[in-house]
Amino acid sequence: DAKTTQPPSMDCAEGRAANLPCNHSTISGNEYVYWYRQIHSQGPQYIIHGLKNNETNEMASLIITEDRKSSTLILPHATLRDTAVYYCIVNSGGGADGLTFGKGTHLIIQP
Amino acid sequence: DTEVTQTPKHLVMGMTNKKSLKCEQHMGHRAMYWYKQKAKKPPELMFVYSYEKLSINESVPSRFSPECPNSSLLNLHLHALQPEDSALYLCASSQDPGPNQPQHFGDGTRLSIL
């Protein structure tokens with residue numbers, strides 16, 4: 001079973017920052033938080049991941065709370081192409097364990 | 001654009017047919033994965049190959065048979081499938097089976113069983 005909880009859907013206006021929350025209250029010390037997204041009819045796309053510290057790349061920022069029980073993915077300037085299902089995944093065994101996807105958040109960017 | 005290439009993109013087959021799905025990556029990744037995704041559901045892990053050896057089989061029926069001929073190629077052989085096996089089959093790869101390695105996915109093969 002997935003170890004994360006996400007809202008089923010969210011709306012965001014184009015050009016605004018999209019903030020997607022994820023709860024992972026049972027996370028262990030060696031587990032990473034990963035974010036992927038899946039645009040309709042495509043495979044999941046890796047966005048970002050982190051262990052303890054906040055992370056930023058060209059796509060997004062990941063904010064992890066100090067107790068690591070929740071995190072937020074931030075898309076700084078959302079565009080219509082960011083409409084997708086966003087998955088927050090906790091992964092401990094490394095790639096060798098595979099990923100356990102939850103239901104994710106369907107983010108809809110409104111023009 | 002994805003660096004994991006899956007062929008074919010679409011496949012329609014009868015329940016008595018034998019077919020294969022193919023996945024290739026040329027990123028030097030040493031871990032490769034098969035996932036199954038039913039409509040409006042999240043992907044579910046089927047198999048994991050680590051350094052060309054099968055390391056995880058998530059209780060997948062024997063009518064699905066994975067094969068990893070070399071470090072760049074992953075096949076999924078299909079035989080005597082059922083209509084409920086219709087789904088999107090996704091392949092992924094990662095640098096190695098470590099905890100700090102993201103997986104990169106192909107766009108999948110959409111399989112329909114008649």
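Odds and ends about this structure:
- Exactly one residue out of A:92, A:28 is farther than 19 Å from residue B:103 by Cβ, modelled with pLDDT under 95, among the hydroxyl-bearing types (Ser, Thr, Tyr) and open to solvent by 30 Å² or more (accessible area, probe 1.4 Å): that is A:28.
- Per the conditions (1) touching a strand residue (DSSP E or B) at 6+ places or on another chain (Cβ under 8 Å); (2) under 24 Å from residue A:89 (Cβ atoms), the sole criterion not satisfied by residue B:40 is (1).
- Residue in region B:47-58 that is of a type outside the set (S, T, N, Q), away from chain A (no Cβ under 11 Å) and under 10 Å from the mean Cα position of the chain (by Cα) present: no
- Only residues that are within 13 Å of chain B (Cβ to nearest Cβ), in contact with a Lys or Arg (Cβ under 8 Å, 6 or more places away or on another chain) and either farther than 28 Å from residue B:55 by Cβ or modelled with pLDDT of 95 or more (or both) were counted in region A:41-83, giving 3.
- Pick from region B:61-102, criterion farther than 22 Å from residue B:5 by Cβ and open to solvent by 60 Å² or more (accessible area, probe 1.4 Å), ranking: modelled with the lowest pLDDT: B:100
- Strands (runs of 3 or more DSSP E) contained entirely in region B:1-60, each with at least 1 residues that are more than 21 Å from residue B:84 (Cα to Cα), open to solvent by 70 Å² or more (accessible area, probe 1.4 Å) and of a type in the set (S, T, N, Q): B:4-7
- Selection from region B:88-114 of residues that are assigned to a strand (DSSP E or B) and within 13 Å of chain A (Cβ to nearest Cβ): B:88, B:89, B:90, B:91, B:92, B:93, B:94, B:104, B:105, B:109, B:110
- Pairs are defined by a Cβ separation below 9 Å, a sequence spacing of at least 6 or placement on different chains, a first member in region A:58-87 that is over 24 Å from residue A:29 (Cβ atoms), and a second member that is assigned to a helix (DSSP H, G or I); the pairs so defined are A:75/A:82.
The values are calculated or read from the model by the stated rules, or taken from the named source; none is laboratory data. The model shown is predicted, which means the values in this text are computed figures rather than measured ones. Positions of Cβ are backbone-derived with ideal geometry, glycine not excepted, and every protein chain shown enters the neighbour counts. Quick note on the areas: whole protein, heavy atoms, side chains included, nothing else; ligands and nucleic acids left out. Shrake-Rupley method; radii C 1.70, N 1.55, O 1.52, S 1.80 Å.
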